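Following: one structure in structure tokens, then a few remarks.
The values are calculated or read from the model by the stated rules, or taken from the named source; none is laboratory data. The shown structure was predicted, so the numbers you read here are calculated from the model rather than taken from an experiment. All Cβ positions, even for glycine, are placed from backbone atoms using ideal geometry, and neighbour counts span all protein chains on display.
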């Protein structure tokens with residue numbers, strides 16, 4: 001059965017619902033699992049995420065460590081008020097996803113770390129399922145659940161490692177020619193099958209579960225990634241010595257791109273720069289990276305113009321929701337050109 005989103009609790013009933021009964025949180029004994037959540041301006045989805053963890057039995061002692069990256073929407077105050085059992089760290093600036101996760105892991109007490117996006121909801125006994133599989137399969141370094149969107153459809157939550165050819169297909173004037181289409185589909189879609197637990201190359205970072213020993217031994221999250229491609233990097237680090245596994249027995253509801261769409265001027269440029277960090281660490285030559293950067297730079301004005309035309313067309317046809325998405329995408333590209341192009345070339 002598809003996961004159903006938790007109904008948003010009313011302000012009157014939330015504190016009572018959100019507080020776990022005895023035995024459901026790490027306050028009872030030492031935590032086996034530390035759930036690490038990084039948040040930035042995603043208050044309402046964060047409330048659902050925490051409620052799904054704390055008002056349902058998880059089968060093992062656990063704690064929740066939340067790092068708030070200087071949200072301006074009152075998210076941190078909401079957590080302090082409505083979820084006092086959550087261990088809350090408040091940053092004075094947005095330090096990025098990787099550094100925030102490392103901060104959470106630094107203070108966490110669990111033998112296992114579950115890095116969870118703020119726009120997710122988990123099932124009962126989710127954590128117990130992860131722990132049982134990890135203990136039965138000590139060669140596994142990282143687990144990722146099935147991800148299902150609010151629309152009931154499965155989301156692609158594992159992929160092959162990306163190549164420059166696959167990403168060059170996203171360049172407008174190359175995509176129109178059909179060049180590199182095969183490489184792109186091989187990376188994004190051709191190998192995806194949600195059912196069945198299996199070893200994979202890359203897990204999406206919306207929900208990943210690791211033994212602490214593996215996390216520490218493989219270098220933790222690389223803090224050069226501010227937002228985007230850090231999950232590719234962590235999968236590659238873990239995969240050098242351990243199995244990376246799509247764990248089909250656990251399913252997580254993932255709204256997807258909530259924070260990134262609401263903060264497009266931050267997310268879009270950093271995703272683009274994150275791929276450069278990844279390819280450099282993967283050993284791609286300086287010449288190949290320079291050529292790739294040139295294509296991306298030349299393509300950005302075309303992307304901006306296309307998104308603005310798309311916005312105008314959708315607005316004229318009264319498709320306001322889709323028009324808003326087009327405008328957000330245009331804003332992300334414009335911010336990249338105006339503020340992050342130099343950083344992109346220096347990466």
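From the set of residues in the stretch 52-70 that are touching a residue at least 60 places away in the same chain (Cβ under 8 Å) and more than 18 Å from the chain's Cα centre (by Cα), which is farthest from residue 126 (Cα to Cα)? Only one residue tops the list, namely 62.
Yes/no matrix, rows are residues, columns are (1) modelled with pLDDT under 90; (2) in the same structural domain as residue 101 (by TED's automatic domain parsing); (3) in contact with a strand residue (DSSP E or B) (Cβ under 7 Å, 6 or more places away or on another chain); (4) within 20 Å of residue 228 (Cβ to Cβ):
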| residue | (1), (2), (3), (4) |
| --- | --- |
| 167 | no, no, no, yes |
| 172 | yes, no, no, yes |
| 177 | yes, no, no, no |
| 180 | yes, no, no, no |
| 186 | yes, no, no, no |
| 198 | no, yes, yes, no |
| 208 | no, yes, yes, yes |
| 214 | no, yes, yes, no |
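I'm told residue 249 meets every condition in (1) over 17 Å from the mean Cα position of the chain (by Cα); (2) assigned to a loop (DSSP other than H, G, I, E, B); (3) farther than 29 Å from residue 329 by Cα except one. Can you identify the failing condition by its number? For residue 249, the exception is condition (2). Counting the residues of the stretch 229-246 that are under 16 Å from the mean Cα position of the chain (by Cα), in contact (Cβ under 8 Å) with a residue 40 or more places away in the chain and within 26 Å of residue 152 (Cα to Cα) gives 3. With respect to being free of Cβ contacts under 8 Å to residues at least 40 places away in the same chain, crowded, with 18+ Cβ neighbours inside 10 Å and over 19 Å from the mean Cα position of the chain (by Cα), residue 132 falls outside the description. Checking the condition touching a residue at least 40 places away in the same chain (Cβ under 8 Å), surrounded by fewer than 16 Cβ atoms within 10 Å (Cβ to Cβ) and farther than 23 Å from residue 46 by Cβ, which residue from 272, 199, 218, 191 passes? Criteria check complete, one pass: 199. The listed residues are 61, 5, 57, and the only one of them that is modelled with pLDDT under 95 and surrounded by fewer than 23 Cβ atoms within 10 Å (Cβ to Cβ) turns out to be 5.
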